[in-house]
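K.L.:
Have a look at this one.
Bear in mind that the values in this text are calculations on the coordinates, not laboratory data. A quick note: this is a predicted structure, and the numbers were derived from the prediction, not measured. FYI the Cβ positions are ideal-geometry reconstructions off the backbone, even for glycines, and counts take in every protein chain you see.
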Number of protein chains: 2
Amino acid sequence: MECIVQGGIGAATIRRVAEIADVTPGLVRHYFPDKNTLLCAAHKATMSKMTTQAIQSLDNCRGGPLARLRLFIETSLQAPVVHPRNYQLWASFTSLINAIPEIGISHREAYIDFRNECESLVRDVFAEQQRDIDDKQIERYAIAVNALIDGLWLEGCLAMDLFDSGSLSELGVESVQSLLDLETL
Amino acid sequence: MECIVQGGIGAATIRRVAEIADVTPGLVRHYFPDKNTLLCAAHKATMSKMTTQAIQSLDNCRGGPLARLRLFIETSLQAPVVHPRNYQLWASFTSLINAIPEIGISHREAYIDFRNECESLVRDVFAEQQRDIDDKQIERYAIAVNALIDGLWLEGCLAMDLFDSGSLSELGVESVQSLLDLETL
DNA sequence: TTGCTTGTTATACAAATGAATAATAGTATC
DNA sequence: GATACTATTATTCATTTGTATAACAAGCAA
């Protein structure tokens, strides 16, 4: 992953990986039969580290649906989730979803996990506020919230210098608030 | 670009490019002194084709600010802008922004163009509705709109099969409507 | 015709790369 | 303490890849 961060996928040769890990190329092969397997493992680790982070942050949240949604957004739009390093890894791996089918599969899985979490959070918020909204519409809201978070995450990673700490997640929270027509969030 | 679409950047070797273009590798070198130059040219072409498409669609729009904003969103969230091919190219190139500085520069330029367009459209809409909103807040709205479009574009490219034609852009329009607190769009 | 620029190919080369094999050291098991 | 398994290295090989050079064809200017 360090290789990819430094020079893109092209720099992620087995030799360079071994060099950074301070072992010999043979050892890499000992653990990973071929390069694709290694790339898949790195991809899985990266995605799980990012997606899971926002989802797991909710475990320690003793608050109502609104507070949970807020925390989810904030975690997703602050460091360490928002970081140029993550973007570099994410972009590199997703550029392989056609070339390496297994990466395509686990990428889709991670995406669905995140979207399901969005949907669940949105549903709980509406339930608490006793707004009766049908499933189809909740799904649409979840898609929009997901897209907004993804887009802001992207902007943040690419130009973190343009946002002072916290202002990105603040923008995210306020935007979702408008998106779902909530009085407070 | 066809190489990248098929097998990621790794597949974009000069020999393969030449093969698909039905020429010899030497000819590629005749026009592009080295591989980076070739990649940069392909990147520029790709970005301009995508970003410019949404912006240029406004030229033929004889409507008010609302209609223009709507058209901008719709163009950005429909084929041919929304297409797996575009995503593959975009992801591949953006994964090189650290490795190839020139790509980083033109990527940032394309991004700024798009965001400026968003900001301009949003400003015009508010001006027409005589809502007095300071520049800082307009910029924030533009960032959110930009993020939403980017995120939906991403979802659309990755899972176009999940959305029937037009439903993605419809979701985009409605979401921006909520985001900017507009009665109609 | 002559000469010059452009388009195009054929061929070559050194470096890098993924993969394989064999050998060596360490460590746990019985 | 002998054995088997794991961790690790050294070395090798066939391909691929970016780049370079030389040669050839074609169109065009003088």
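K.L.:
Rounded if a/c is under 1.5, else prolate if a/b is larger than b/c, else oblate: which is segment A:72-128, with a ≥ b ≥ c the root eigenvalues of its Cα gyration tensor?
P.N.:
Taking the square roots of the gyration eigenvalues as a ≥ b ≥ c, segment A:72-128 is oblate.
K.L.:
Give me the distance in nm between label points sitting 7 Å out from Cα along the Cα-to-Cβ direction at A:A45 and A:A11, one decimal.
P.N.:
Each label point lies 7 Å from its Cα, and together they span 1.7 nm.
K.L.:
Is there a quick way to get the dipole size of segment A:36-180? I mean about its Cα centre, with the Cβ of Lys and Arg at +1 and of Asp and Glu at -1; what is the value in debye to the nearest 20?
P.N.:
Charge dipole of segment A:36-180: 300 debye, to the nearest 20.
K.L.:
Fewest to most neighbouring Cβ within 10 Å: what's the order for A:S169, A:S57, A:S175, A:S92?
P.N.:
Ordered from fewest to most neighbouring Cβ atoms within 10 Å, A:S169, A:S57, A:S175, A:S92 come out as A:S57, A:S169, A:S175, A:S92.
K.L.:
For peptide A:171-181, compute the average count of partner chain beta-carbon atoms within 10 Å of each residue's beta-carbon.
P.N.:
4
K.L.:
Taking the Cα centre of each part, how many Å lie between segment B:1-64 and segment B:92-120?
P.N.:
If we compute the Cα centre of each part, the gap is 15 Å.
K.L.:
If you put a point 7 Å past Cα along the Cβ direction, how far is that point for A:P25 from the same point in each other copy, in nm, smallest first?
P.N.:
1.9
K.L.:
Let me ask another. Around A:Q129, with a cut-off of 13 angstrom between Cβ atoms, what is the net charge of the other residues, counting Lys and Arg +1 and Asp and Glu -1?
P.N.:
-3
K.L.:
By how many degrees, between 0 and 90 and to the nearest 10, does the Cα long axis of helix A:167-180 differ from the longest principal axis of chain A?
P.N.:
Long axis of A:167-180 versus the principal axis of chain A: about 50 degrees.
K.L.:
Follow-up question, since we're still on this one. Restricting to lysine pairs 8 or more places apart or on different chains, what number in the protein assembly as shown have Cα atoms under 24 Å apart?
P.N.:
5
K.L.:
Now, a different point. Measure nothing fancy, just the Cα-based angle from helix B:65-76's long axis to the longest principal axis of chain B, in degrees from 0 to 90, nearest 10.
P.N.:
The helix B:65-76 is inclined about 30 degrees to chain B.
K.L.:
How far is helix A:35-56 tilted off the main Cα axis of chain A, in degrees rounded to 10, range 0 to 90?
P.N.:
In chain A, helix A:35-56 runs at an angle near 20 degrees to the longest axis.
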